[in-house]
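The values are calculated or read from the model by the stated rules, or taken from the named source; none is laboratory data. If you're wondering where the values come from, they're calculated on a predicted model, not measured in any experiment. Here the Cβ positions follow ideal geometry from the backbone for every residue, glycine too, while neighbour counts run over all protein chains shown.
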Amino acid sequence: MSGPGEDLAEALVRGDRRALARAITLAESSRPDHRRAAERLLSALPERDDALRLGLTGTPGAGKSTLIEALGLRLVAEGHRVAVLAIDPSSSRSGGSILGDKTRMERLARAPRAFVRPSPSGGETGGVARRTREAIRLCEAAGHDVTLVETVGVGQSEVQVAAMTDVFVLVLAPLGGDDLQGAKRGIVEEADLVLVNKADRDPEAARRAAADYAAALRLLRPRPHDPEGWPRAMAVSATSGEGLDEAWSAIRALWLWRRDTGALAERRRVQRRLWFEEELRALALSRALAAPGLREALPGLQAAVEEGRLSPAEAARRAFGS
Ligand code: GDP
(Lines give C-alpha, C1' and ligand atoms only; values in the text may rest on other atoms or scores of the structure.)
Protein backbone atom coordinates (compact mmCIF):
# COMPACT_ATOMS: atom_id res chain seq x y z
CA MET A 1 0.00 0.00 0.00
CA SER A 2 1.32 3.44 -0.74
CA GLY A 3 0.08 6.81 0.42
CA PRO A 4 1.34 10.12 1.71
CA GLY A 5 2.55 8.46 4.93
CA GLU A 6 4.70 5.98 3.02
CA ASP A 7 6.27 8.67 0.81
CA LEU A 8 7.09 10.66 3.87
CA ALA A 9 8.70 7.64 5.53
CA GLU A 10 10.92 7.09 2.51
CA ALA A 11 12.00 10.72 2.33
CA LEU A 12 12.54 10.72 6.07
CA VAL A 13 14.89 7.75 6.13
CA ARG A 14 16.77 9.25 3.19
CA GLY A 15 17.58 12.09 5.59
CA ASP A 16 15.49 14.73 3.81
CA ARG A 17 15.27 17.65 6.23
CA ARG A 18 11.99 18.97 4.95
CA ALA A 19 10.46 15.53 5.32
CA LEU A 20 11.67 15.46 8.92
CA ALA A 21 10.18 18.89 9.61
CA ARG A 22 6.89 17.78 8.04
CA ALA A 23 6.84 14.55 10.00
CA ILE A 24 7.32 16.41 13.28
CA THR A 25 4.58 18.88 12.35
CA LEU A 26 2.32 15.92 11.66
CA ALA A 27 3.14 14.42 15.04
CA GLU A 28 2.51 17.73 16.83
CA SER A 29 -0.83 18.27 15.13
CA SER A 30 -4.00 17.57 17.07
CA ARG A 31 -6.01 16.79 13.92
CA PRO A 32 -7.09 13.15 14.12
CA ASP A 33 -6.04 12.34 10.52
CA HIS A 34 -2.60 13.86 11.14
CA ARG A 35 -2.26 11.92 14.37
CA ARG A 36 -3.16 8.67 12.62
CA ALA A 37 -0.61 9.34 9.88
CA ALA A 38 2.04 10.14 12.49
CA GLU A 39 1.23 6.98 14.42
CA ARG A 40 1.50 4.85 11.28
CA LEU A 41 4.79 6.47 10.43
CA LEU A 42 6.19 5.94 13.92
CA SER A 43 5.10 2.32 14.03
CA ALA A 44 6.98 1.67 10.80
CA LEU A 45 10.25 3.08 12.13
CA PRO A 46 12.75 0.81 13.86
CA GLU A 47 14.13 1.66 17.32
CA ARG A 48 17.80 2.64 17.10
CA ASP A 49 20.17 1.79 19.89
CA ASP A 50 23.13 3.48 18.21
CA ALA A 51 21.78 7.02 18.66
CA LEU A 52 22.43 9.01 21.81
CA ARG A 53 19.66 10.99 23.49
CA LEU A 54 20.99 13.75 25.69
CA GLY A 55 18.73 15.80 27.97
CA LEU A 56 19.78 19.26 29.13
CA THR A 57 18.19 21.57 31.64
CA GLY A 58 19.07 24.73 33.52
CA THR A 59 17.64 28.09 34.52
CA PRO A 60 17.11 30.74 31.84
CA GLY A 61 20.40 32.54 31.25
CA ALA A 62 22.61 29.66 32.43
CA GLY A 63 23.88 29.38 28.88
CA LYS A 64 22.01 26.35 27.56
CA SER A 65 21.53 27.53 24.01
CA THR A 66 25.08 28.86 23.77
CA LEU A 67 26.33 25.53 25.09
CA ILE A 68 24.14 23.40 22.83
CA GLU A 69 25.20 25.41 19.81
CA ALA A 70 28.92 25.15 20.69
CA LEU A 71 28.65 21.43 21.43
CA GLY A 72 26.47 20.80 18.38
CA LEU A 73 28.93 22.56 16.06
CA ARG A 74 31.77 20.44 17.44
CA LEU A 75 29.80 17.27 16.95
CA VAL A 76 28.82 18.03 13.35
CA ALA A 77 32.46 18.89 12.64
CA GLU A 78 33.33 15.41 13.92
CA GLY A 79 30.85 13.88 11.50
CA HIS A 80 27.87 13.42 13.80
CA ARG A 81 24.39 14.39 12.75
CA VAL A 82 22.82 16.41 15.53
CA ALA A 83 19.18 17.23 16.24
CA VAL A 84 18.07 19.76 18.85
CA LEU A 85 14.54 19.69 20.27
CA ALA A 86 13.07 21.78 23.03
CA ILE A 87 10.34 21.33 25.57
CA ASP A 88 9.10 24.69 26.67
CA PRO A 89 6.70 24.22 29.56
CA SER A 90 5.48 27.80 29.29
CA SER A 91 4.29 27.62 25.73
CA SER A 92 1.36 25.28 26.22
CA ARG A 93 -0.15 27.29 29.03
CA SER A 94 0.42 30.97 28.48
CA GLY A 95 1.26 31.16 24.81
CA GLY A 96 4.45 32.88 25.96
CA SER A 97 7.79 31.18 25.86
CA ILE A 98 10.58 31.00 28.39
CA LEU A 99 13.00 29.51 25.91
CA GLY A 100 12.38 32.53 23.75
CA ASP A 101 10.84 33.15 20.38
CA LYS A 102 14.05 34.58 19.01
CA THR A 103 15.77 32.27 16.59
CA ARG A 104 18.19 30.41 18.76
CA MET A 105 21.32 28.57 17.71
CA GLU A 106 21.38 30.19 14.29
CA ARG A 107 24.79 28.88 13.31
CA LEU A 108 23.92 25.35 14.28
CA ALA A 109 20.56 25.60 12.53
CA ARG A 110 22.39 26.45 9.29
CA ALA A 111 24.82 23.53 9.54
CA PRO A 112 23.94 20.88 6.95
CA ARG A 113 24.26 17.98 9.39
CA ALA A 114 22.17 19.64 12.10
CA PHE A 115 18.45 19.99 12.63
CA VAL A 116 17.14 22.53 15.14
CA ARG A 117 13.47 22.49 15.97
CA PRO A 118 12.04 25.35 18.01
CA SER A 119 9.76 24.26 20.81
CA PRO A 120 6.21 23.45 19.82
CA SER A 121 3.66 26.02 20.88
CA GLY A 122 0.15 25.22 21.99
CA GLY A 123 -1.11 21.72 22.50
CA GLU A 124 -2.69 20.17 25.52
CA THR A 125 -0.86 20.09 28.86
CA GLY A 126 1.57 17.20 28.92
CA GLY A 127 1.10 16.78 25.19
CA VAL A 128 4.28 18.65 24.38
CA ALA A 129 6.39 16.03 26.15
CA ARG A 130 4.61 13.15 24.43
CA ARG A 131 5.08 14.70 21.03
CA THR A 132 8.73 15.46 21.76
CA ARG A 133 9.28 11.75 22.35
CA GLU A 134 7.92 11.11 18.89
CA ALA A 135 10.10 13.86 17.46
CA ILE A 136 13.19 12.15 18.92
CA ARG A 137 12.34 8.94 17.08
CA LEU A 138 11.68 10.83 13.86
CA CYS A 139 15.04 12.62 14.11
CA GLU A 140 16.81 9.31 14.68
CA ALA A 141 15.02 7.70 11.73
CA ALA A 142 16.23 10.61 9.61
CA GLY A 143 19.82 9.71 10.49
CA HIS A 144 20.61 11.90 13.48
CA ASP A 145 22.86 9.98 15.83
CA VAL A 146 22.82 12.59 18.60
CA THR A 147 19.59 14.24 19.75
CA LEU A 148 19.75 17.00 22.35
CA VAL A 149 16.52 17.71 24.21
CA GLU A 150 16.52 21.00 26.05
CA THR A 151 14.20 22.35 28.71
CA VAL A 152 14.13 24.98 31.40
CA GLY A 153 13.86 23.72 34.95
CA VAL A 154 10.23 24.68 35.40
CA GLY A 155 7.36 22.49 36.52
CA GLN A 156 7.78 18.88 35.58
CA SER A 157 9.52 19.48 32.31
CA GLU A 158 12.99 18.44 33.46
CA VAL A 159 11.69 15.19 34.90
CA GLN A 160 9.93 14.57 31.60
CA VAL A 161 13.13 15.20 29.68
CA ALA A 162 15.09 12.88 31.97
CA ALA A 163 12.42 10.28 31.24
CA MET A 164 12.98 10.41 27.49
CA THR A 165 16.77 10.65 27.29
CA ASP A 166 19.77 8.39 27.94
CA VAL A 167 21.97 10.86 29.79
CA PHE A 168 20.80 13.95 31.64
CA VAL A 169 22.82 17.14 32.14
CA LEU A 170 22.17 20.13 34.39
CA VAL A 171 23.74 23.43 33.29
CA LEU A 172 24.49 25.93 36.04
CA ALA A 173 26.22 29.30 35.97
CA PRO A 174 27.27 29.76 39.60
CA LEU A 175 29.09 32.96 38.79
CA GLY A 176 25.84 34.22 37.35
CA GLY A 177 23.94 33.41 40.54
CA ASP A 178 22.92 29.76 40.04
CA ASP A 179 23.97 27.12 42.47
CA LEU A 180 23.17 23.56 43.35
CA GLN A 181 21.14 24.60 46.37
CA GLY A 182 18.98 26.83 44.18
CA ALA A 183 18.26 24.00 41.76
CA LYS A 184 15.20 21.93 42.48
CA ARG A 185 16.01 18.70 44.24
CA GLY A 186 14.23 16.67 41.61
CA ILE A 187 16.53 17.99 38.91
CA VAL A 188 19.68 17.43 40.93
CA GLU A 189 18.63 13.86 41.59
CA GLU A 190 18.14 13.20 37.90
CA ALA A 191 21.42 14.76 36.78
CA ASP A 192 24.23 12.50 35.61
CA LEU A 193 26.45 15.47 34.98
CA VAL A 194 26.46 19.07 36.19
CA LEU A 195 28.17 21.50 33.86
CA VAL A 196 29.36 24.61 35.64
CA ASN A 197 29.19 27.06 32.76
CA LYS A 198 30.80 30.48 32.22
CA ALA A 199 34.07 29.19 33.67
CA ASP A 200 35.90 31.77 31.53
CA ARG A 201 34.86 34.46 34.00
CA ASP A 202 36.71 32.94 36.93
CA PRO A 203 38.22 29.55 36.04
CA GLU A 204 39.48 28.80 39.54
CA ALA A 205 36.12 29.53 41.19
CA ALA A 206 34.34 27.43 38.56
CA ARG A 207 36.65 24.48 39.16
CA ARG A 208 36.12 24.75 42.91
CA ALA A 209 32.35 24.91 42.43
CA ALA A 210 32.49 21.84 40.17
CA ALA A 211 34.50 19.89 42.77
CA ASP A 212 32.03 20.85 45.51
CA TYR A 213 29.06 19.88 43.37
CA ALA A 214 30.61 16.55 42.42
CA ALA A 215 31.01 15.67 46.10
CA ALA A 216 27.48 16.85 46.92
CA LEU A 217 25.96 14.94 43.99
CA ARG A 218 27.53 11.64 44.96
CA LEU A 219 26.24 12.06 48.50
CA LEU A 220 22.79 13.03 47.31
CA ARG A 221 22.48 10.34 44.78
CA PRO A 222 24.89 7.48 44.97
CA ARG A 223 24.58 5.42 41.80
CA PRO A 224 25.40 1.81 42.41
CA HIS A 225 24.56 0.99 38.79
CA ASP A 226 26.82 3.59 37.24
CA PRO A 227 30.59 3.39 36.79
CA GLU A 228 32.95 4.70 39.46
CA GLY A 229 33.03 8.46 39.73
CA TRP A 230 29.47 9.26 38.55
CA PRO A 231 27.51 11.52 38.82
CA ARG A 232 30.10 14.11 37.83
CA ALA A 233 30.46 17.88 37.71
CA MET A 234 32.76 19.76 35.37
CA ALA A 235 33.64 23.38 34.67
CA VAL A 236 33.06 24.51 31.07
CA SER A 237 32.77 27.65 29.03
CA ALA A 238 30.24 27.64 26.22
CA THR A 239 31.72 30.82 24.78
CA SER A 240 35.42 29.89 24.85
CA GLY A 241 34.77 26.18 24.28
CA GLU A 242 36.93 25.22 27.22
CA GLY A 243 36.00 21.88 28.74
CA LEU A 244 33.46 21.01 26.04
CA ASP A 245 35.52 18.18 24.55
CA GLU A 246 36.02 16.69 28.00
CA ALA A 247 32.32 17.04 28.77
CA TRP A 248 31.37 15.29 25.54
CA SER A 249 33.91 12.50 26.13
CA ALA A 250 32.45 11.95 29.59
CA ILE A 251 28.87 11.90 28.29
CA ARG A 252 29.78 9.48 25.54
CA ALA A 253 31.73 7.24 27.89
CA LEU A 254 28.77 7.02 30.27
CA TRP A 255 26.42 6.31 27.37
CA LEU A 256 28.65 3.55 25.96
CA TRP A 257 28.99 2.04 29.40
CA ARG A 258 25.22 2.01 29.83
CA ARG A 259 24.76 0.52 26.39
CA ASP A 260 27.35 -2.19 26.84
CA THR A 261 26.07 -3.25 30.25
CA GLY A 262 22.45 -3.41 29.13
CA ALA A 263 21.48 -0.50 31.40
CA LEU A 264 20.51 1.59 28.40
CA ALA A 265 18.20 -1.05 26.97
CA GLU A 266 16.54 -1.40 30.37
CA ARG A 267 16.20 2.37 30.78
CA ARG A 268 14.57 2.69 27.37
CA ARG A 269 12.27 -0.24 28.08
CA VAL A 270 11.04 1.49 31.25
CA GLN A 271 10.72 4.78 29.37
CA ARG A 272 8.60 3.18 26.66
CA ARG A 273 6.35 1.64 29.29
CA LEU A 274 5.88 5.00 31.06
CA TRP A 275 5.21 6.62 27.71
CA PHE A 276 2.53 4.03 26.95
CA GLU A 277 0.94 4.67 30.36
CA GLU A 278 0.92 8.41 29.65
CA GLU A 279 -0.70 7.88 26.26
CA LEU A 280 -3.30 5.64 27.87
CA ARG A 281 -4.11 8.21 30.54
CA ALA A 282 -4.32 11.03 27.99
CA LEU A 283 -6.61 9.02 25.72
CA ALA A 284 -8.78 7.83 28.61
CA LEU A 285 -9.13 11.41 29.82
CA SER A 286 -10.04 12.86 26.44
CA ARG A 287 -12.57 10.06 25.80
CA ALA A 288 -14.09 10.43 29.26
CA LEU A 289 -14.43 14.19 28.87
CA ALA A 290 -16.21 13.67 25.58
CA ALA A 291 -18.92 11.59 27.32
CA PRO A 292 -22.47 12.52 26.29
CA GLY A 293 -24.10 15.10 28.52
CA LEU A 294 -20.91 15.95 30.36
CA ARG A 295 -20.40 19.32 28.74
CA GLU A 296 -23.97 20.38 29.60
CA ALA A 297 -23.72 19.16 33.19
CA LEU A 298 -20.40 20.76 33.98
CA PRO A 299 -21.37 24.43 34.53
CA GLY A 300 -24.04 23.52 37.09
CA LEU A 301 -21.76 21.10 38.93
CA GLN A 302 -18.94 23.59 38.91
CA ALA A 303 -21.16 26.31 40.41
CA ALA A 304 -22.36 23.90 43.10
CA VAL A 305 -18.77 23.04 44.00
CA GLU A 306 -17.65 26.66 44.05
CA GLU A 307 -20.51 27.61 46.34
CA GLY A 308 -19.79 24.72 48.64
CA ARG A 309 -23.13 22.98 48.01
CA LEU A 310 -21.51 19.86 46.65
CA SER A 311 -18.23 18.21 47.45
CA PRO A 312 -15.77 18.09 44.53
CA ALA A 313 -15.57 14.31 44.73
CA GLU A 314 -19.34 13.87 44.57
CA ALA A 315 -19.62 16.43 41.77
CA ALA A 316 -16.98 14.57 39.76
CA ARG A 317 -18.85 11.30 40.20
CA ARG A 318 -22.15 12.92 39.19
CA ALA A 319 -20.47 14.40 36.12
CA PHE A 320 -20.21 10.84 34.86
CA GLY A 321 -23.77 10.07 35.77
CA SER A 322 -23.12 7.85 38.76
P1 GDP B 1 19.92 30.04 28.14
O2 GDP B 1 18.78 30.93 28.52
O3 GDP B 1 20.24 29.07 29.23
O4 GDP B 1 19.72 29.36 26.82
O5 GDP B 1 21.22 30.99 28.05
P6 GDP B 1 21.92 31.62 26.76
O7 GDP B 1 22.69 30.58 26.02
O8 GDP B 1 20.95 32.44 26.00
O9 GDP B 1 23.01 32.55 27.48
C10 GDP B 1 22.65 33.61 28.36
C11 GDP B 1 23.76 34.64 28.34
O12 GDP B 1 24.95 34.10 28.90
C13 GDP B 1 24.13 35.12 26.94
O14 GDP B 1 24.40 36.50 27.00
C15 GDP B 1 25.37 34.32 26.62
O16 GDP B 1 26.24 35.01 25.72
C17 GDP B 1 26.03 34.21 27.99
N18 GDP B 1 26.90 33.01 28.09
C19 GDP B 1 26.56 31.75 27.76
N20 GDP B 1 27.59 30.92 27.99
C21 GDP B 1 28.61 31.67 28.45
C22 GDP B 1 29.96 31.38 28.86
O23 GDP B 1 30.45 30.26 28.82
N24 GDP B 1 30.70 32.45 29.31
C25 GDP B 1 30.22 33.71 29.37
N26 GDP B 1 31.03 34.65 29.81
N27 GDP B 1 28.97 34.02 28.99
C28 GDP B 1 28.17 33.02 28.54
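Quick notes
- Taken over segment 214-266, residues that are over 16 Å from V196 (Cα atoms) and among the aromatic types (F, W, Y) amount to 2.
- Looking across segment 118-160, the residues that are assigned to a loop (DSSP other than H, G, I, E, B) and modelled with pLDDT of 90 or more come down to A142, G143, H144, D145.
- Count - residues of segment 279-319 that are surrounded by 12 or more Cβ atoms within 10 Å (Cβ to Cβ), under 37 Å from the mean Cα position of the chain (by Cα) and not in a helix (DSSP H, G or I): 1
- Filtered residues of segment 6-48 (kept if closer than 12 Å to C139 by Cα, acidic (D, E) and either exposed (fewer than 13 other Cβ atoms within 10 Å of the Cβ) or under 22 Å from the mean Cα position of the chain (by Cα) (or both)): E47
Okay, residues lined up against (1) of a type outside the set (F, W, Y); (2) touching a residue at least 12 places away in the same chain (Cβ under 8 Å); (3) out of contact with any Gly (no Cβ under 7 Å at 6 or more places or on another chain):
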site: R259; (1), (2), (3): yes, yes, yes
site: L264; (1), (2), (3): yes, yes, yes
site: A282; (1), (2), (3): yes, yes, no
site: A291; (1), (2), (3): yes, yes, yes
site: R309; (1), (2), (3): yes, no, yes
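- Long-range neighbours under 7 Å by Cβ, at least six apart or interchain, first residue closer than 30 Å to L175 by Cα within segment 40-61, second of a type in the set (K, R) and buried (at least 20 other Cβ atoms within 10 Å of the Cβ): L56/K64; G58/K64
- Candidates R268, R259, R185, filtered to the one that is basic (K, R) and over 29 Å from D145 (Cα atoms): R185
- Considering residues of segment 183-231 that are within 14 Å of the ligand (Cβ to nearest atom) and in a loop (DSSP other than H, G, I, E, B) only, the residue modelled with the lowest pLDDT: A183
- Any pair with Cβ under 7 angstrom, 6 or more apart, that starts in segment 188-200 at a residue that is in contact (Cβ under 8 Å) with a residue 12 or more places away in the chain and closer than 9 Å to P231 by Cβ and ends at one that is more than 16 Å from the ligand (Cβ to nearest atom) and of a type in the set (G, A, S): L193/A250
- So G143, is it away from the ligand (no atom under 12 Å from the Cβ), over 13 Å from the mean Cα position of the chain (by Cα) and closer than 24 Å to E47 by Cα: yes
- The numbered conditions (1) part of a helix (DSSP H, G or I); (2) of a type in the set (V, I, T); (3) surrounded by 24 or more Cβ atoms within 10 Å (Cβ to Cβ) are all true for V171 except (1).
- Scanning segment 53-85 for residues that are within 11 Å of the ligand (Cβ to nearest atom) and in a helix (DSSP H, G or I) yields K64, S65, T66, L67, I68, E69, A70.
- Search result, residues across segment 14-52 that are of a type in the set (G, A, S) and not in a loop (DSSP other than H, G, I, E, B): A19, A21, A23, A27, A37, A38, S43, A44
- Verdict on W248 being within 16 Å of the ligand (Cβ to nearest atom) and part of a helix (DSSP H, G or I): yes
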